[in-house]
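**Student:** Below are the structure tokens for one structure; questions will follow.
All of the numbers you see were taken from the coordinates with simple rules; none came from a lab. Computed from a predicted structure; not experimentally measured. Here Cβ is always computed from backbone atoms with ideal geometry, including for glycine, and neighbour counts include all displayed protein chains.
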Amino acid sequence: MKRTDKKSTEVPSIPEAASLEVSPGVSLDGHRALWHAGQGWLAVADLHLGYARRRQELGGLWPDWGDEQVEATMVALLRKYQPERLILCGDIADGAASVRETREILSRLSVLVPQTIYVRGNHDRKLASVEEMTWVETHSERADSEEWIFFHGDRLTPLIEAVEDSTSERIHTVQGHIHPAVRLDDGAGTRSSVPALLERTGSVSGKAVTNWVMPAFTQWSSGGAVADCAAYSVQRTWACHPKAVLPVV
Ligand SMILES: [Fe+2]
């Protein structure tokens, strides 16, 4: 089978997913995106573009697809919500295996939204060396007394600095990196691991924060369960699937 590069106008059409409000004015889309209608931003994390190619370079036979699905899903989300800003919370690329292809996908997506913010993740070192791209360690969205601070999650120093600089009464931090998932069991033999969104509470530099851990956008490397830790306790979890966004108790 011959591989072909496809342009955004040629990507497969992806049906809209279910969504659920998880915080006032903020919805989790079943395609693993967080949407803040009032502030006009759409956030996703851990696209890991080039995942399959990297596995092949390491000698793996599987998986050998994935980027087309990521691009098509992103196109569907951008058409549905028409955000002012798209925030990519790190691990946009999986590594050095497909920098050119990743750049092509990002440039096709960037024409569908007024502004794209690239938050650097630990897998983005090679992609971040591309000169025409502008990267940030954190990105902040403020309105009224509420602030949302986006970071990847592998380095805490930039987040600590951003929180210390904040004068907002309510601070939300949004990260990727962990790839949370929950295991669903119907009790009759069907079990499935489903990517999840976590809401955690904790404190950063003595300030109370609500920490949101995004489900990984890639269909690969969906991760596993996340428990309380020294910094945060998990308050709520949602299983995130295109057919349904389900609170998990
Ligand atoms: Fe990741």
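**Student:** Checking the condition touching a Lys or Arg at 6+ places or on another chain (Cβ under 7 Å) and surrounded by 15 or more Cβ atoms within 10 Å (Cβ to Cβ), which residue from G66, G90, G121 passes?
**Tutor:** G90
**Student:** Going through segment 71-87 one residue at a time, which ones are crowded, with 18+ Cβ neighbours inside 10 Å and among the acidic types (D, E)?
**Tutor:** E71
**Student:** Take segment 50-92 and flag every residue that is part of a loop (DSSP other than H, G, I, E, B) and either of a type in the set (A, V, I, L, M) or within 15 Å of S110 (Cβ to Cβ) (or both).
**Tutor:** Result: L58, L61, Q82, P83, E84, I92.
**Student:** For segment 140-152, give me each residue that is within 16 Å of the ligand (Cβ to nearest atom) and not hydrophobic (A, V, I, L, M, F, W, C).
**Tutor:** Correct list: H152 only.
**Student:** Something else about it: Looking only at segment 103-139, filter to residues that are in a strand (DSSP E or B) and more than 11 Å from A93 (Cβ to Cβ); which one of those is nearest to the ligand (Cβ to nearest atom)?
**Tutor:** Taking the candidates together, the pick is V119.
**Student:** Consider segment 153-184. How many of its residues are under 26 Å from P247 (Cα atoms), within 16 Å of the ligand (Cβ to nearest atom) and out of contact with any helix residue (DSSP H, G or I) (no Cβ under 9 Å at 6 or more places or on another chain)?
**Tutor:** Within segment 153-184, residues that are under 26 Å from P247 (Cα atoms), within 16 Å of the ligand (Cβ to nearest atom) and out of contact with any helix residue (DSSP H, G or I) (no Cβ under 9 Å at 6 or more places or on another chain) number 7.
**Student:** What do you reckon, is G66 under 17 Å from the mean Cα position of the chain (by Cα) and on the phi > 0 side of the Ramachandran plot?
**Tutor:** yes
**Student:** Would you pick out the residues in segment 211-225 that are more than 23 Å from V163 (Cα to Cα), assigned to a loop (DSSP other than H, G, I, E, B) and within 16 Å of the ligand (Cβ to nearest atom)?
**Tutor:** The answer is A216, F217, T218, Q219, W220, S221, S222, G223.
**Student:** I'm checking my understanding of the structure. Among residues of segment 80-102 that are of a type outside the set (S, T, N, Q), farther than 19 Å from H123 by Cβ and out of contact with any Asp or Glu (no Cβ under 9 Å at 6 or more places or on another chain), which one is nearest to the ligand (Cβ to nearest atom)?
**Tutor:** P83
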